[in-house]
1. With only alpha-carbon pairs counted, each pair once and no self-pairs, how large is the Kirkwood hydrodynamic radius of the stretch 90-186 in angstroms?
2. Based on the Cβ-Cβ distance from residue 109 to residue 19, what FRET efficiency comes out when R0 is 41 Å, to the nearest 0.05?
3. Calculate, for residue 134 and residue 48, the FRET efficiency according to 1/(1 + (r/R0)^6) with r their C-beta to C-beta distance and R0 45 Å; round to the nearest 0.05.
4. Based on the Cβ-Cβ distance of residue 143 and residue 9, what FRET efficiency does E = 1/(1 + (r/R0)^6) give at R0 = 25 Å, to the nearest 0.05?
5. Just to check I understand the Karplus step: with θ = phi - 60° and J = 6.51 cos²θ - 1.76 cosθ + 1.60, what whole-Hz values come out for the stretch 180-192, glycine and proline as x?
6. If each of residue 97 and residue 39 carries a label point 7 Å out from its Cα toward its Cβ, how far apart are those two points in nm?
7. Under the Karplus relation 6.51 cos²θ - 1.76 cosθ + 1.60, θ = phi - 60°, what is the ordered set of whole-Hz ³J(HN,Hα) values for the stretch 121-126, x standing for Gly and Pro?
8. Too long at a 32 Å Cα-Cα cut-off: which of 3/177; 3/106; 115/162?
Amino acid sequence: MTKHGLLNDEWMVSYAAGALSEAKSLVVATHIAFHPELQEKVADAEAIGGALLDEAEPVRLRAGALEDILDVIDNDDAPTTQEAPRESELPAPLRDYLSCELDDLKWQFMGPGMKKVRLKKYESGECLWLLRARGGTEMPLHDHRGTEFTLVLRGSYAVGDKRFTPGLMELAGPELKNHSPIIDEGEDCICLVVTDAPIRLHSVIGRMVQPFIGL
């Protein structure tokens, strides 16, 4: 991280190069959509990548490649008229992924004051999910076995003297101990989260129910 709640340039370059996993690409793209300054950095990284490609030796296409492409274009269905979509609070990357609004999702109980939607579990161990926590909720004390990306979409929460509001990202790894965010009073806080390993809950009860939570 560089500025509070913003991913650093290395993440922008990795995203522009297509070097991130599907889950990390989604959370980073959604994060970038909140911040014009990050969008500019990605554009710069893509321009540099394009310049390097221009200097690369050209590769000869196989015979008939152009004709195949033109056939696909000719056979593509004509665009149909669609109703104008309703206004969304979600940045385009996440809106396109979910195809619905946050309040339309089927939220499942996760613990006192908390709900979740598990979007996808990957063979690599990564998990992409949404967390919804009621205002005033103190998240269970935990450590991290891997890296956790938490992007605020609605509401806000605090960790010590740091506060995370919509568009800000918290990046937590094994070096962060006794992690226990506190949700600000008021509206629910909804976050897009990516974890690449299960968290380590401190409480005995938490560890007992963790297999049923799936995180």
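Nothing in this text is a laboratory measurement; each read-out follows from the coordinates by a stated rule. Just so it is clear, the model here is predicted, and its values are computed rather than measured. Every residue, glycine among them, receives a Cβ derived from its backbone with ideal geometry; neighbour counts consider all protein chains shown.
1. On the way: mean 1/r = 0.0690 Å⁻¹.
Answer for the stretch 90-186: a Kirkwood hydrodynamic radius of 14.5 Å.
2. Working: r = 36 Å, r/R0 = 0.88.
E(calc), rounded to 0.05, equals 0.70.
3. Details: r = 45 Å, r/R0 = 0.99.
Calculated transfer efficiency: 0.50.
4. Values: r = 28 Å, r/R0 = 1.12.
Approximately 0.35, to the nearest 0.05.
5. So the J values, rounded to whole Hz, are 8, x, 10, 6, 5, 4, x, 6, 4, 9, 10, 10, 8.
6. According to this spin-label approximation, the distance is 1.9 nm.
7. The phi angles translate into 10, 9, 4, 5, x, 5 Hz.
8. On the way: 3/177 21 Å; 3/106 34 Å; 115/162 23 Å.
Long pairs (Cα-Cα over 32 Å): 3/106.
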